[in-house]
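Report on the structure given below.
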Amino acid sequence: MPLHAQITDRGGLGSLVETFLPWFGLFIPVLLAGALWRRSAAAVVALLLPVVTWLSLFGGLLFDTSQPGGDLTVVSHNVNAENPDPAGTARELAASGAELVALQEMTPQATGAYRRALAKAYPHHTVRGTVGLWSKLPLSDSRPVNVLRGNVGPLANTRRAEDLPVDPPRALRTTVATGRGPLVVYVAHLGSVRLMPRNGFWTDSRDVGAAALTEAVAAEPNERVVVLGDMNGTTDDRAFDGLTSRLQSAHEVAGGGFGFSWPASFPMARIDQVLVRGVEPKRSWVLPATDSDHLPVAAAISW
């Protein structure tokens, strides 16, 4: 656990370990049972090392660090391309009362349903490809951000550049006009990861997207920035070191519990993120399940 950054990323092993790093704590009671079975006092004492290590990494998540208040509430949700009831999902998200609702993995067929269901509560919105932001506050300067490149992956070396598909945008940048000044919001859905027999834990597309998003945030002149979306990775994953060195995780600052968001049926990892710069997270929480395979995540921020 303390040396996870030193694990080789050959075949994506390092990223795979870091995605599920908190779950390594489950080995501690197993080791404790073995020590008690052996009636070994030395083994019980030795268990203090993994216990202290786990607590130093994740102990802070066991306590509720949320605070009252917040000037703005944001929600982010991967709505699932196969969502059978997009309008119902939209209504559930609107019921949260959030000022900003970011959606990822919208299909062209479902986008109209989201627009209609959210129109009354959110008069302002912007959509780029498969991602969108709905807002109670005016938006401006909206544009796509290229975080998905067609030239990565196991088949890339066998295909010519002109043969690669043109994917719809999976990230956008926009400016929200708040009473406290402009707030820049990025909405992103980074490339998927795959467990592949020959390639291991394949993260190439996701990693390229993480680097592109980091580059965009690093070049962002506005002081106040919020990044919302499905990153297909946790903040422990080394692929996001550049991003987390510039932004704070709202959940790590002002959450309670691990905030796992995927899969919705049995959440095991927080791959849906609210990352901020120049604003103060007050609360972070996970919303009830919709018809998606992800859980929505929310945060209240202030400045």
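Within the range 187-233, which residues are open to solvent by less than 30 Å² (accessible area, probe 1.4 Å) and farther than 27 Å from TRP134 by Cβ?
Our first condition is that a residue be open to solvent by less than 30 Å² (accessible area, probe 1.4 Å); within the range 187-233, this holds for 187-191, 200-201, 203, 205-206, 209-210, 212-214, 216-217, 220, 225-233.
Passing the criteria: GLY200, PHE201, THR203.
Tell me which residues, restricted to the range 111-125, are surrounded by fewer than 21 Cβ atoms within 10 Å (Cβ to Cβ) and of a type in the set (Ser, Thr, Tyr). Selection gives THR111 alone. Across the range 76-110, the qualifying residues are those that are in a helix (DSSP H, G or I) and open to solvent by 10 Å² or more (accessible area, probe 1.4 Å), and the one among them that is nearest to SER135 (Cα to Cα) is ALA94. Report, by residue number, each residue of the range 263-289 that is open to solvent by 20 Å² or more (accessible area, probe 1.4 Å) and touching a residue at least 60 places away in the same chain (Cβ under 8 Å). MET268, ARG277, LYS282, ARG283, TRP285, LEU287, PRO288 - these are the residues of the range 263-289 that are open to solvent by 20 Å² or more (accessible area, probe 1.4 Å) and touching a residue at least 60 places away in the same chain (Cβ under 8 Å). For first residues located in the range 187-204 and at positive phi, partners that are crowded, with 17+ Cβ neighbours inside 10 Å and of a type in the set (A, V, I, L, M, F, W, C) and lie 6+ apart or on another chain with Cβ distances below 9 Å form the pairs GLY200/LEU16.
Taking the criterion of being surrounded by fewer than 21 Cβ atoms within 10 Å (Cβ to Cβ) and at pLDDT below 95, would at least one residue in the range 293-303 satisfy it? It would help to see each step written out before you state the result.
Of the residues in the range 293-303, the ones surrounded by fewer than 21 Cβ atoms within 10 Å (Cβ to Cβ) are 293, 302-303.
Right, trim to at pLDDT below 95 and you get 303.
Yes, the range 293-303 contains at least one residue that is surrounded by fewer than 21 Cβ atoms within 10 Å (Cβ to Cβ) and at pLDDT below 95.
Among the residues examined, SER140 does not qualify as at pLDDT 90 or above, farther than 30 Å from ASP71 by Cβ and of a type in the set (S, T, N, Q).
The values are calculated or read from the model by the stated rules, or taken from the named source; none is laboratory data. Quantities reported herein were computed from a predicted structural model and do not represent experimental measurements. Methodologically, a virtual Cβ is constructed for each residue, glycine included, from the backbone with ideal geometry; neighbour enumeration extends over all protein chains shown. Areas reflect the complete protein model, heavy atoms only, side chains present, ligands, DNA and RNA absent. Shrake-Rupley method; radii C 1.70, N 1.55, O 1.52, S 1.80 Å.
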